[in-house]
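Here is the structure we will look at, set down as structure tokens.
The values are calculated or read from the model by the stated rules, or taken from the named source; none is laboratory data. Worth saying up front: this structure is predicted, and the values here are computed from it rather than measured. Quick reminder, even Gly has a Cβ in these numbers, built from the backbone with ideal geometry, and neighbours come from all protein chains shown.
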Amino acid sequence: MRIAFLCKRQYMSKDVIVDRYARLYEIPFQLARRGHAVRAWCLSYQHHADGQWQHEAAPGSLQWESRGTGRLKLPALATYPSRLLRSLRAFEPDVVIGASDIPHVALAAWLAGRLRTPYAVDLYDNFEGFGQARIPGMVALLRNAARGAALVTTTSEPLRELVRDAYGAHGDVVAMPSTIDKAVFRQMDRMQCRRALGLPEGARLVGTAGGLLRDKGIGTLYAAWRHLSEADANLHLVLAGPIDPRLPPPAGARVHHLGNLPHSKTAELFNALDVGVIYLRDTPFGRYCFPQKAYEMLACGLPVVAAAIGVMPYLLAGQPDSLYPAEDERALAQAVLLRLSQPVRAAVRIEDWTQVIGVMDRHLVAAVERARASTPDRR
């Protein structure tokens, strides 16, 4: 098949094309590796240079094209859809995929309508929680696009249910969590990892990594630390990631903040800990996201505790005593102490990107075949 993929250029503070980063790169890359001709168009809201890149993805092909909005953002945004339509008409895709945010999802639906081709939507998050959703009409565009898509892939089971039930999606809706690089996130020697990070080798360590932000629920862990530090004098709290200036970490000799760590060092951290904490709040973000640190911790063989919100009760269904009511600091402390005394590792199967995108590919092929059967003279 010929597949057109549309997304923004910067994702999770990474350059999708240059850094070849995560979900927005892996979808077109893995589809190309399955033999498809994939062209990906990125729109840069920042100041990335325009250009084209050919990436090796045999037996298929993967070509990237990026354009920026420059200084005159509104005129550039206004002309981008028509310019892209001309490019897609020349490419003649069998299916269009819109990903990364509401504008690209809506754009995919608009382009597919003019090309008379099926389209798919990828929701790596609940886009209704993005700042764009506050612009009048944006939520309606998102819901209408998802409703008419031949396929919607979501990052979590709760988000899949929202799209199916509240959006009323007509096509296939598939939960497709982002996965991890299992060559990086794997079990390693605990003491070696502690030495590499400068952490106390003889202590018991509980901790986490990611955005240490109040809006995401880090305050519950900070509050729970008061109870944990009193319950176990040999317990230390280890944190990595950007700090919320409105809510700094607890002070003390037994609290370690390692700053922002690259992936390889984050894997060392998760191997160094005794228990990992996955904090979430009962918000639209918490209910529909898939915390990537969950897979990362589990792949490192780390016992975890998690807020009983969104996808986490599904993921830890076999280990309910590892869940705590969101924003309940005492329940979090109790769950951590239980996991310290009973360091049980959750048995969760983690697929690689080849397997994950393989499922998406099968749904895309089926969607194209249905479209061809209903309109055999489409081309």
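Below are the figures for this structure:
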read-out	value
Yes/no for residue 281 being farther than 30 Å from residue 161 by Cα and not hydrophobic (A, V, I, L, M, F, W, C)	no
Enumerated strands (runs of 3 or more DSSP E) restricted to segment 1-81, each holding at least 2 residues that are at pLDDT 95 or above and hydrophobic (A, V, I, L, M, F, W, C)	2-8, 37-44, 61-68
Check on residue 220, under 22 Å from the mean Cα position of the chain (by Cα) and hydroxyl-bearing (Ser, Thr, Tyr)	no
Residue within segment 337-354 that is surrounded by 14 or more Cβ atoms within 10 Å (Cβ to Cβ), over 24 Å from residue 190 (Cα atoms) and in contact with a helix residue (DSSP H, G or I) (Cβ under 8 Å, 6 or more places away or on another chain) present	yes
Residue list for segment 135-188, filter: closer than 20 Å to residue 364 by Cβ and part of a helix (DSSP H, G or I)	145, 146, 147, 148, 159, 160, 163, 164
Qualifying residues in segment 119-141 (those that are farther than 11 Å from residue 101 by Cα and surrounded by 24 or more Cβ atoms within 10 Å (Cβ to Cβ)) - the one nearest to the chain's Cα centre (by Cα)	120
Matching entry among 221, 205, 199 (being crowded, with 19+ Cβ neighbours inside 10 Å, in contact (Cβ under 8 Å) with a residue 60 or more places away in the chain and farther than 14 Å from residue 333 by Cα)	199
Helices (runs of 4 or more DSSP H) contained entirely in segment 248-336, each with at least 3 residues that are surrounded by fewer than 16 Cβ atoms within 10 Å (Cβ to Cβ)	none
Segment 78-128, residues that are polar (S, T, N, Q) and on the phi > 0 side of the Ramachandran plot	100
Among the candidates 128, 92, 157, 161, residue that is closer than 30 Å to residue 274 by Cα and either of a type in the set (Asp, Glu) or without any contact (Cβ under 8 Å) to a residue 24 or more places away in the chain (or both)	157
Scan of segment 37-64 for residues that are among the aliphatic types (A, V, I, L, M) and in contact with a helix residue (DSSP H, G or I) (Cβ under 9 Å, 6 or more places away or on another chain), ordered by number	37, 38, 40, 43, 57, 58, 62
Test: residue in segment 353-362 that is part of a loop (DSSP other than H, G, I, E, B), within 23 Å of the chain's Cα centre (by Cα) and among the charged types (D, E, K, R)	no
Unmet criterion (only one of (1) under 26 Å from residue 139 (Cβ atoms); (2) assigned to a helix (DSSP H, G or I)) for residue 96	(2)
Test for residue 272: is it over 23 Å from the mean Cα position of the chain (by Cα), more than 30 Å from residue 1 (Cβ to Cβ) and of a type in the set (A, V, I, L, M, F, W, C)	yes
Residue, modelled with the lowest pLDDT, within segment 234-247, restricted to residues that are in contact with a strand residue (DSSP E or B) (Cβ under 6 Å, 6 or more places away or on another chain) and assigned to a loop (DSSP other than H, G, I, E, B)	241
